[in-house]
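The values are calculated or read from the model by the stated rules, or taken from the named source; none is laboratory data. Model, not experiment: these values are computed from the prediction. Cβ sites come from the backbone with ideal geometry, for glycine too, and all protein chains shown count toward neighbours. Surface areas here come from the heavy atoms of the whole protein model, side chains and all, with no ligands, DNA or RNA. Shrake-Rupley method; radii C 1.70, N 1.55, O 1.52, S 1.80 Å.
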Amino acid sequence: MASVDERADRLVIFYASQTGNAEWIAKSLDKSAAERGYQCRCLAMDDHAEVELEQERVLAFVVSTTGDGDPPDNSLKFWRWLRRNKQSDLLQHTQYAILGLGDTNYDNFCNTAKRLEKRLQEKAARPFYPTGRADDATGLEEVVDPWIDNLWPALAAVCKSSRETAQSVSAVDQLLDNTMAAETAEPAAQVVASDKLADGIKDVHIAEPVPEVKKPTAGETAAASGAYPAYVLDLDTSALDQGLSQLSNLAKSPVDLCEVVALPADANVSAVRKLPPVFFNTPTPLLYARIKTARTLTQPEAVKRTLHLELEMLQRPEADSPLIADELDVLPGDSFGIICENDPGLVQAILEQLDCVDTADQPVRVQSLVDENGIAASLGQTTVRELLTHALDLQGTLRKSTIRLLADVSQDLRDQHPTLLDLLVTFPSARPPIGRLLGALSALQPRSYSCTNTPLLHPRELHCAFNIAEYVDAHGRQRHGVCTPWLDRISRPWQGATSTLAASPILRVYLRPNVTNFRVPDAAIHHPMILIGPGTGVAPFIGFLAHRSEQRRLRLSMGGISRVPSRAVDALFGPIQLYYGCRDDRLDFLYRDEIMRAQNDRTLSELVLACSRKPEHGRRYVQDGLYERGADVWRIMSAENGIIFVCGDATGMARDVNTALAEIVQQHGGAADMKEALATLAEWTQQGRYLRDLRSDTRHK
Ligand SMILES: Cc1cc2nc3c(=O)[nH]c(=O)nc-3n(C[C@H](O)[C@H](O)[C@H](O)COP(=O)(O)OP(=O)(O)OC[C@H]3O[C@@H](n4cnc5c(N)ncnc54)[C@H](O)[C@@H]3O)c2cc1C
Ligand SMILES: Cc1cc2nc3c(=O)[nH]c(=O)nc-3n(C[C@H](O)[C@H](O)[C@H](O)COP(=O)(O)O)c2cc1C
């Protein structure tokens, strides 16, 4: 065990990350701290047992917020552990710093960081540096970079004071007093003391020479290999001509987290593998699945195309393997992750731009430059093509650090949301080594989908519905997402047919049980439910309806309920209202048959339909239906112990619905003002009666 003295120079960095940002920042921090001579560990919060937390002197946390103010999946065990631990002085020797990542488009901005701070203080830990709250809506780096820059002096002071305990009060507390004063002086700031921190930056070192930038012809379009669309960006790079001084305020270049080492050509990697490697640590075990069927839920004239997909779980990763013997532990309201892959045309185009086509399929080993648990540890032996196909997010908006030479001098670059390929095509002389790209690009994340099926009917299957993300961006460029176009491509043979002779590819999925109560109530079946889910937000509710319909059928089939069994079943199960929205019900009414069936068998008591693009009916949204039925909504919630479930877009719809509910509480529940009405909504949330499963439509801003 390390002595107290040794621990004083130690820094343990924990991250909680859903889509990789916090993990990446934590690992960069780990590397920089190690370079400064600290003994570092960098761990997901769920791996906290790898250190003796209560013995550690100095902790740094980088934590994001997901869902509706929820902590990321890879921190849930940590939270459970902390909740169960009743020792109030557990962390009395610990000092901490927290960097929160969030997005002000969401109601609960940086909620994980706020909760963490509260819990750490309840356990007697003390902050040595003010909490940073970085906002994805304006650019994380605006807070992250100065927060890290100013962490170093605070860290040096706290480590020194840990060693010299006798002097501990003066230096650290002085520093803390100063920085806390800065924080309290700025009460409404969501970006905690960021201006203050930014002031402290005198000099940002440019570690590398600025590459010569070839000026593209505005609007010129290049197509790399011709197979995949790429766009020469329309940029004003004239500021670069003014010299290096222009670059003094730019974000840091990404640190190298790993390097790619060529192996002898006879170490043939892919040939011996049935499936490509998975470069992502899933929170629950990986499951193998094959496509059972797929069908289009929308009409050809609809603006968006929506697919329904059914997956069967297999015992082994082979398409002809038997289905898994055990039933899945899943309920409507839960979702599952799908490990997806990049478009092969895009991968090929990038390989061509990087001059790597000839070596793309040769074996390489990815070596971590960070530590044993670093990003590369799980990557092992692979090929460059596999890395580009499965490990890296090639389409996400690039981090500012990745394009630091251009970003600040050219706002229009960021506005154009360039992809990696666009940048490579715009600057054809740029040939970053793959190892550096591994450090600079985000990891390719699995995508999540709500289960639309019930285990009562399909215990070994996972069904879902999704819009295929294909769109024209603000600059008229054709773009598409990663996972849904890929699912569309691989499920083509099944679309429109219930069976097919095609062999299914093997999909890797994993369960994401909902950590809030956003699941069909399995036991407390008498609660009335108000389900609000426009577009694909209806997906979990299709599962709810199927589940409840089957529960009702089973109850009826038991017999002996009363002389009028259907009435007795109605009395047993609470009524369900569904507020569903689409653009035009003739074109994009998802799951119309299933919803009608639920109405016919009395599972669904009422459907409130809102069409936003049907001129003859006016533009109606789900919240309009709520306003119209305000008295009914209030009665269900106040007198009948009802539960409201909302699923879909976090920024637009969820806010409008929240406002509508608050106004209903004012109008029908007598709340004096908005503040009081919102307090009622918060109370319902606390009671598990106002539940939201939200996702962002603007993840890649
Ligand atoms: C818990 C959870 C459950 C979910 N359940 C579902 C579900 O049941 N069904 C479902 O469809 N999705 C669901 N999602 C969202 C889903 O995980 C994916 O984010 C979505 O399918 C897009 O993935 P993709 O890889 O195809 O696109 P990505 O590669 O992620 O690209 C999507 C991005 O492209 C951009 N974009 C897309 N369309 C446009 C446009 N018209 N204009 C401008 N920009 C645009 C946006 O920035 C968007 O964020 C869920 C998300 C979570 C977190
Ligand atoms: C589905 C989803 C839900 C989110 N919910 C919230 C939220 O409730 N509050 C918040 O401040 N940020 C929210 N965010 C923003 C993320 O915290 C932010 O994008 C962060 O950079 C993600 O970091 P990560 O990649 O480490 O998870 C959400 C993002 C997504 C994609």
Mind giving me the FRET efficiency for ASP593 and SER638? R0 is 30 Å, r the Cβ-Cβ distance, nearest 0.05 is fine.
0.30
Go through segment 611-696 and name the GluC sites (Glu not before Pro) that are in a DSSP coil and have 16 or fewer other Cβ atoms within 10 Å of their Cβ.
GLU640
Go through segment 543-646 and name the trypsin sites (Lys or Arg not before Pro) that are in a DSSP coil and have 12 or fewer other Cβ atoms within 10 Å of their Cβ.
ARG563, ARG619
Rounded if a/c is under 1.5, else prolate if a/b is larger than b/c, else oblate: which is segment 596-679, with a ≥ b ≥ c the root eigenvalues of its Cα gyration tensor?
oblate
Quick one: accessible area per residue over segment 1-150, 1.4 Å probe, rounded to a whole number of Å²?
37 Å²
Which Cα, out of LEU681, TRP634, ALA568, lies furthest along the positive dipole direction of segment 529-695 (beta carbon charges, K/R +1, D/E -1)?
ALA568
Accessible area of segment 529-695 belonging to carbon and sulfur atoms, whole % at 1.4 Å probe:
49 percent
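Mind listing which GluC sites (Glu not before Pro) in segment 306-360 are in a DSSP loop and have 14 or fewer other Cβ atoms within 10 Å?
GLU318, GLU327
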Approximate spin-label separation ASP361-LYS160, in nm, with each point projected 7 Å along Cα-to-Cβ:
5.9 nm
Model label zone, GLN686; criterion: amide N under 15 Å from point 7 Å along Cα-to-beta-carbon; scope segment 511-528
none
Label point distance in nm, VAL515-HIS475, each placed 7 Å from Cα along Cα→Cβ
3.7 nm
What is the extension gain from MET674 to ARG602, computed as 0.36 nm multiplied by their sequence separation minus the C-alpha to C-alpha distance, in nm to one decimal?
22.3 nm
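ALA568 to GLN495: extension gain in nm, 0.36 nm per residue of separation minus the Cα-Cα distance?
22.2 nm
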Please compute the modelled spin-label separation between ALA503 and LYS118, points set 7 Å along Cα→Cβ, answer in nm with one decimal.
5.5 nm
Could you compute the net charge surrounding ARG553? Neighbours are other residues with a C-beta less than 14 Å from the C-beta of ARG553; K and R count +1, D and E count -1.
+2
